[in-house]
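Asker: So that we are looking at the same thing, I have put the structure below in structure tokens.
The values are calculated or read from the model by the stated rules, or taken from the named source; none is laboratory data. Just so you know, these numbers come straight off a predicted model, no measurement behind them. Heads up, the Cβs are rebuilt from the backbone with ideal geometry, glycines too, and the neighbour counts pull from every protein chain shown.
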Amino acid sequence: MVKSLWNYRSFVWGGIRRDLQLRYFGSVLGIAWLVIQPAGLIAVYFLIFTAVFPNRTLGNVGNYGAFLCAGLIPWLMFSEIIQRGHTCFLENAALIRHSSFPRILLPLTTTLSAMLNFSILFVIYLAVLALIGQRLSLHLIALLPLILLLGGLAFSATVALALVNVYARDISQAVPFGLQLLFWLTPIVYPQSAMPASLARFLDWNPLSGVIGGMQRAIVSNQWPEWQRLAYPTLFLALALLLSRAVYRRVAPTLADEL
Amino acid sequence: MSVAIRCDGVGKAYRHFSHPRDRIVQLLWPAARKYHDVWVVRDVSFSVEPGESVAILGGNGAGKSTILRLVAGITAPTMGQVSVHGRLTAMLELGMGFHAEFSGEQNVQMTAQLYGLRPAEIRMLLPRIREFSELGDQFFEPLRTYSSGMNIRLAFSLATAVRPDVLIIDEALAVGDQNFQQKSLARIRELQDGGTSLLFVSHDSGMIPRVCKRALILDHGSLRYDGSAEGAVSEYASLAVSTPRDATLIVEHG
């Protein structure tokens, strides 16, 4: 499976480039939007939680801006993969009806494209942190497995959602709301410690909590992730991959018939 | 030497659901059987030798396009086995799934990447494809500005730029102008001489014996005839007279 996908690497790489082109086609600022969009969003949350509602409840998170970005940038990667990926089969209906290729390449391309974009954003963010004098440490290497884990979770969700979306377009209706709900159920703009203990327990059921919490620790407090909190997201990922593979195996061979 | 294409008792049913909800039930619970099958191809067996060219004749809805899609690997058969040896290129439903916003050049790159060609090979092919397609500078314009003839010229130039072991062409030659049709036929002969197997669908009965020695006739999804192309054309003509299905269709559209 992996070996046969490797043969298509130039298609995937070309797809990542086409993805960027299509997105910024006809816009004046072009690829600069890759940075402007998330920067604007970060500014909004930053102003709301520092200027409009000065934090009484957030507790001690150190530099709030650094904390916010540490969770928000990975979240944006996660939500972009799902947002753009859950329609990938519908959008490429013509290609699917005309050529035979492993259909998994389409969500894979979207996932890798978003991961690449946000890695660039992440590097810019870390550079800014270094410039303003935030102490960064070797703990940053923990980000690599965490980003892979997050990308894997987004990928497996996207494959399943995109396949089901071909059969029932309801997925397209539900995804924006679902992502919004998941966003607030993940400690991104607030630390998990700011939640009342009765509610914080529920956040532990969210596989993203541990992953994003680990990123915040590595960047903001120069600590290793709490590894035991990553066991659950890792197990979750394994199950999600198995489930989406089962759906894929059943649906992919005749996907062209449904489009 | 092994055959280029083999179809063994191939059948294809499309699932028909009476309500969209049933699709989801079916997806979650395969044993539910919330659909009824519409069989478009039944028990079709044939094989094509390397370098052999075979035409498929049949009225609308006879299953020609479905057979081509099955051989091209675009969809899986419901019954039986399809196997293809070697590199396959398919031009189906008048095109190759080009993207309307991308230029001809970008579409060629994308499809070539899908065929697994290396970036260096693609760079080498681009000028050749542009030249054969006679698109000139239009090659760099978005596909949405192309006429259907231009679309086909691009698709044909791309599909035949690298010699495939198996080439599938559905109706493609009918669209181009006389000049390009001649050029395409010459290119097809070249590929045939080079050992390419061809599976060919056309409504142009005159064209078929010029391209293929052998032909199949499909009727309501079943194989009715497998023999010489000339024989197939006359057999098909008598079949069309005895079952006036196509005739009514022509009247309806005309």
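Asker: Within segment B:139-158, can you find the residues that are surrounded by fewer than 18 Cβ atoms within 10 Å (Cβ to Cβ) and not in a loop (DSSP other than H, G, I, E, B)?
Answerer: Once the filter is applied, which keeps residues that are surrounded by fewer than 18 Cβ atoms within 10 Å (Cβ to Cβ) and not in a loop (DSSP other than H, G, I, E, B), segment B:139-158 yields B:Phe140, B:Pro142, B:Arg144, B:Thr145, B:Ser148, B:Gly149.
Asker: Looking at (1) over 12 Å from A:Gly85 (Cβ atoms); (2) within 14 Å of chain B (Cβ to nearest Cβ); (3) not polar (S, T, N, Q), which is the only condition A:Ile171 fails?
Answerer: For A:Ile171, the exception is condition (1).
Asker: Same structure, new question: Does any residue in segment B:93-108 that is closer than 15 Å to B:Ala161 by Cα come within less than 8 Å, Cβ to Cβ, of a residue that is assigned to a loop (DSSP other than H, G, I, E, B) and at pLDDT below 80 six or more places away or on a different chain, and which pairs are these?
Answerer: Pairs found: B:Asn107/B:Met96.
Asker: So, in segment B:103-132, how many residues would count as being of a type in the set (A, V, I, L, M, F, W, C) and within 7 Å of chain A (Cβ to nearest Cβ)?
Answerer: Counting residues in segment B:103-132 that are of a type in the set (A, V, I, L, M, F, W, C) and within 7 Å of chain A (Cβ to nearest Cβ) gives 2.
Asker: Which members of segment A:80-108 meet the condition of being more than 10 Å from chain B (Cβ to nearest Cβ) and either outside any helix (DSSP H, G or I) or more than 22 Å from the chain's Cα centre (by Cα) (or both)?
Answerer: Listed by number, the residues that qualify are A:His86, A:Thr87, A:Pro102, A:Arg103, A:Ile104.
Asker: Here are B:Gly61, B:Gly97, B:Gly80, B:Gly9: which of them is more than 12 Å from chain A (Cβ to nearest Cβ) and either out of contact with any Asp or Glu (no Cβ under 9 Å at 6 or more places or on another chain) or under 30 Å from B:Gly149 (Cβ atoms) (or both)? Don't jump to the end; show me each part of the working.
Answerer: Working: B:Gly97 fails: more than 12 Å from chain A (Cβ to nearest Cβ); B:Gly80 fails: either out of contact with any Asp or Glu (no Cβ under 9 Å at 6 or more places or on another chain) or under 30 Å from B:Gly149 (Cβ atoms) (or both); B:Gly9 fails: either out of contact with any Asp or Glu (no Cβ under 9 Å at 6 or more places or on another chain) or under 30 Å from B:Gly149 (Cβ atoms) (or both).
When all the criteria are applied, what remains is B:Gly61.
Asker: Let me ask another. Determine which member of the set A:Leu239, A:Leu230, A:Leu255, A:Leu259 is away from every other protein chain (no Cβ under 14 Å), in contact (Cβ under 8 Å) with a residue 12 or more places away in the chain and not hydroxyl-bearing (Ser, Thr, Tyr).
Answerer: A:Leu230
Asker: Return the pairs, sorted by first residue and then second, in which the second residue is part of a loop (DSSP other than H, G, I, E, B), the first residue lies in segment B:31-50 and is of a type in the set (A, V, I, L, M), the beta carbons are less than 6 Å apart, and the residues are 6+ apart or on different chains.
Answerer: B:Val40/B:Gly63; B:Val40/B:Gly221; B:Val41/B:Gly63; B:Val41/B:Gly221; B:Val48/B:Ala4
Asker: Out of B:Arg118, B:Arg69, I need the residue that is without any contact (Cβ under 8 Å) to a residue 24 or more places away in the chain, closer than 15 Å to B:Leu198 by Cα and charged (D, E, K, R). Which one?
Answerer: So the residue among B:Arg118, B:Arg69 that is without any contact (Cβ under 8 Å) to a residue 24 or more places away in the chain, closer than 15 Å to B:Leu198 by Cα and charged (D, E, K, R) is B:Arg69.
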